[in-house]
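The block underneath contains the structure these notes are about, expressed in structure tokens.
The values are calculated or read from the model by the stated rules, or taken from the named source; none is laboratory data. Keep in mind that this is a model prediction, so the values were computed, not measured. Heads up, the Cβs are rebuilt from the backbone with ideal geometry, glycines too, and the neighbour counts pull from every protein chain shown. For accessibility, only protein heavy atoms count, side chains too; no ligands or nucleic acids. Shrake-Rupley method; radii C 1.70, N 1.55, O 1.52, S 1.80 Å.
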Amino acid sequence: MTSPSFRSDFLRTLHERGYIHQCSDLERLDAKAAEGPITAYIGFDATASSLHAGHLLSIMMLRTLQRTGHRPIALMGGGTTKIGDPSGKDEARKMLTDRQISDNIASIRKVFAQFLDFDGAPPRRHGGFARHQQQTNPLPSQDGADQSEPRASLLPAIMENNAAWLDELKYIPLLREVGPHFTINRMLTFDSVKLRLEREQPLTFLEFNYMILQAYDFVELNRRHGCILQMGGSDQWGNIVNGMELGRRMHGADLFALTTPLLTTSSGAKMGKTAGGAVWLDADLLSPYEYWQYWRNAGDADVERFLKLFTELPLDEIARLAALQGQEINIAKEVLATEATALLHGREAAEKAKETARTTFEQGALAVDLPTVELPRAKLEAGLPVANAFVEAGLVASTSEARRQIKGGGLRVNDAAVTDEKAMIDLAALTPEGVVKLSMGKKKHVLLKPV
């Protein structure tokens, strides 16, 4: 189905911006979305206190769903987190306590509040929103200001926790009600199981149950909220189809499945991961400046795709930016970084991160908004080997990597190149601001602050 034939703003937008990989019945889903509001969900397990950039594709799909007049459900896996999705993994997930899972969900909700409206209020001003035919939402101008006022409220988003029903299930009744609809033969064909077995890695009976419980989630959300669509990454296709079929067999429900492409960078790297670790969406774990830098460092070949997926700039503006060549492509990367950061952290934080980068890289000055790592003052008093300092700062993974960087001229202390791998950093290296600036390459900077 080509873009002009879509009747619904929801699927037209997803198609134009590159979100759609598979759909169980695209034509009928489009017809339902065009007739009136639909409810759809995506599940997120609470294995950490924050989601990361690898989750953004799913979050942006829920956001697009709401902005085009429909109701999104962010389903937190308070129950399924206790089991662990075996998809793409060779080892069982670390067991978390109920308290850890509850704390993670509370923390993650703060991230969703940046992208979804849970009270049905008009959209927040700082991020800017795409314009759709079904309702008038503000369209960001190049300076970040809204060009129109929102006139319509949104259908409130819902956050559910599948522990609410999974924790209450009784084992024998569940086996009798749901078990007959699953065959071991078919379950062994799904990638989450098959690939683990092919790699001769153990798959516990606990993990084997994950797909059954995820399927049950779809049935329960359909019963509670009239949810007819589950979305997710392409690696979840089998699990989603399981839920769609379970709903049909148990209650005759007419359900749909839709997945996004498995997203990697042009270099083949997994989204949301860097050499320094996960690109967290929680500002307490990753500063807005570091988040801005993650997008600013996107590869040239990724800029147009990332602008479509992770910003809400109009497509004609994205085409103009994508056409920039040579050094001018850096303009597009700055726009990508600023717009993506504005959606998560707000326009003010995004512009501040952009200014910090300009101050740091163009003027060579010490910017106080750079990421800061605290370390005991006693370490500097005694003298800290320069290689260890870069490990403490998180700029390199090991002292051996630091020494390799030094040999290649890649490390600097207070903007001076490090040439001696046995050099020490002490209190004499403190700047007037009371910190030591460590740099790797031209774009990665951290301030060491003795405490």
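Between Thr189 and Ala269, the modelled label-to-label distance comes to 3.8 nm, taking each label 7 Å out from Cα in the direction of the beta carbon. Across the protein chains, with a 1.4 Å probe defining accessible surface, the residues Lys270, Lys354 rank Lys270, Lys354 from largest area downward. How would you classify the stretch 1-86 from its alpha-carbon gyration tensor, with a ≥ b ≥ c the square roots of the eigenvalues: rounded for a/c under 1.5, else prolate if a/b is greater than b/c, otherwise oblate? Judged from the Cα gyration tensor, the stretch 1-86 comes out prolate (a/c at least 1.5, a/b above b/c). Average projection, convex hull of the Cα set of the stretch 305-451: 10.2 square nanometres. The radius of gyration of the Cα set in the stretch 393-442, together with its Dmax, comes out at 10.8, 31 angstrom. A cut-off under 11 angstrom between Cβ atoms defines the neighbours of Ala164, and their net charge, with Lys, Arg +1 and Asp, Glu -1, is -4. Counting Lys and Arg as +1 and Asp and Glu as -1 over every other residue whose Cβ lies under 13 Å from the Cβ of Glu328, the net charge comes to 0.
Let's test the formula: R0 of 22 Å, r as the Cβ-Cβ distance of Val451 and Leu285. What FRET efficiency results, to the nearest 0.05? FRET efficiency, Val451 to Leu285: 0.70.
Sorted by average packing, counted as other Cβ atoms within 10 angstrom per residue and highest first, what order do 307-315, 406-414 take?
The packing order, highest mean first, is 307-315, 406-414.
Based on protein heavy atoms only, the stretch 306-451 ends up with 47 Å² per residue of surface accessible to a 1.4 Å probe. Placing dummy labels 7 Å off each Cα toward the beta-carbon, the span from Glu198 to Ala34 is 3.9 nm. In this structure, Ala164 and Asp235 have a Cβ-Cβ separation that, at R0 = 22 Å, corresponds to a calculated FRET efficiency of about 0.30. Taken over the alpha carbons of the stretch 245-356 as equal point scatterers, the Debye sum produces base-10 log I(q)/I(0) values at 0.19, 0.20, 0.23 Å⁻¹ of -0.98, -1.06, -1.34. In terms of packing, defined here as the mean over residues of other Cβ atoms within 10 angstrom, the peptides 338-348, 252-262 line up highest first as 338-348, 252-262.
The order of the peptides 94-100, 53-59 by mean Cβ neighbours within 10 Å, most packed first, is 53-59, 94-100. Here Glu421 and Arg176 are evaluated by their C-beta separation; at R0 = 51 Å the FRET efficiency comes out at 0.15. One decimal place: the segment His251-Glu351 gains 30.9 nm when fully extended, by the rule 0.36 nm per residue minus the C-alpha distance. Each Lys or Arg adds one and each Asp or Glu takes one away; over the other residues whose Cβ falls under 14 Å from the Cβ of Ala387, this sums to +2. Phi-derived couplings, Karplus 6.51 cos²θ - 1.76 cosθ + 1.60 at θ = phi - 60°, listed residue by residue for the stretch 279-288: 8, 6, 9, 8, 5, 6, 9, 8, 5, x Hz, with x used for Gly and Pro. Residues whose amide H lies under 5 Å from that of Phe256, counting only those 5 or more places away or on a different chain, are Leu229, Gln230; hydrogens are built 1.01 Å from N in the peptide plane.
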